[in-house]
């Protein structure tokens, strides 16, 4: 079975890629990591103007969604350029709000999410949420249901400096039950983001090994290097149909399979990129590090590999669901 994008979907992805390619995202990421959000907010607005967040918001609330295939296309490009911010969380929050039995919170909050005027973050039965200090809509899923958090605590460090973790203040307005469908959308967009990160790592590594020489020839001509890069390419290409197949069905098991496969492929790409770049790959000043740390963080975000595999098999996980 082949999952081919139609011309309109491909053009959408290409337009996002072209826009982000000139946005100097490494500088935006470093600003964001320091808590300087001006450039990140400006980029967020441009992403919203392209219609990305509206894809998760129903038409009744000024959106165009839900359109999971187009969301997957968009998040591949967002991952390819390592765009910072609570991207996945805003999509999951939009799905949660749209599914509430009471339409009041959705009418109040969703239009601003669709247009990019507001960001959302979400703590799904977890102690921390992403970028709670910059998100205007802070949601927390507890055993009681979905709450609108009144505030946030201090920023905590993360493996990926651009993923700034904040505890959310307990209590707040109880909006209603928390539909599980939002978790599938969070995992789908995380998988797409990881696929884009992995592709960027592969592209950067191929360019590096073609430039770097040893014994008077490019190291990209060495058979061992070719084999490592071929393994990465195969892993990413195997993950792609699983991702778009899951976007078509949105079945929890399909989404979990796509998430674990894409994130493991991106993690393998990161390990290979680090090895083939050599010592320079370890330096925080080198842009490659921005993608390396993101690949590692996404691997356990919204369900670690054990949790996702258990969901595919329909069995409980022994390791727990480590989201951060």
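What follows is calculated from the coordinates using simple rules that are stated; it is not laboratory data. Values in this document were obtained by computation on a predicted structure and should not be read as measured data. We place every Cβ from the backbone using ideal geometry, glycine too, and count neighbours over all the protein chains shown.
Couple of notes before you dig in:
- Ratio Rg/Rh [Cα only; Rh per Kirkwood] for the range 119-258: 1.14
- Against the main long axis of the alpha-carbon atoms of the chain, helix 223-249 sits at an angle near 20°.
- Computed over the range 196-267, the ratio Rg/Rh where both radii use C-alpha atoms and Rh is Kirkwood: 1.15
- Enclosed volume per residue, in Å³, of the convex hull spanned by Cα atoms of the range 120-166: 67
- Nearest 10 degrees, 0 to 90: helix 87-99 Cα axis against the chain principal axis: 30
- Residues 163, 156, 228, arranged from fewest to most other Cβ atoms within 10 angstrom of their Cβ, appear as 156, 228, 163.
- Shown here are the Rg and Dmax of the Cα trace of the range 182-313, at 15.7, 54 Å.
- Residue order, fewest to most beta carbons within 10 Å, for 263, 308: 308, 263
- The chain: angle of helix 288-300 to the longest principal axis, Cα-based, in degrees nearest 10: 50
- C-alpha center-to-center spacing [the range 212-283, the range 105-144] in angstrom: 32
- Computed over the chain, Cα set: Rg, Dmax in Å: 19.2, 69
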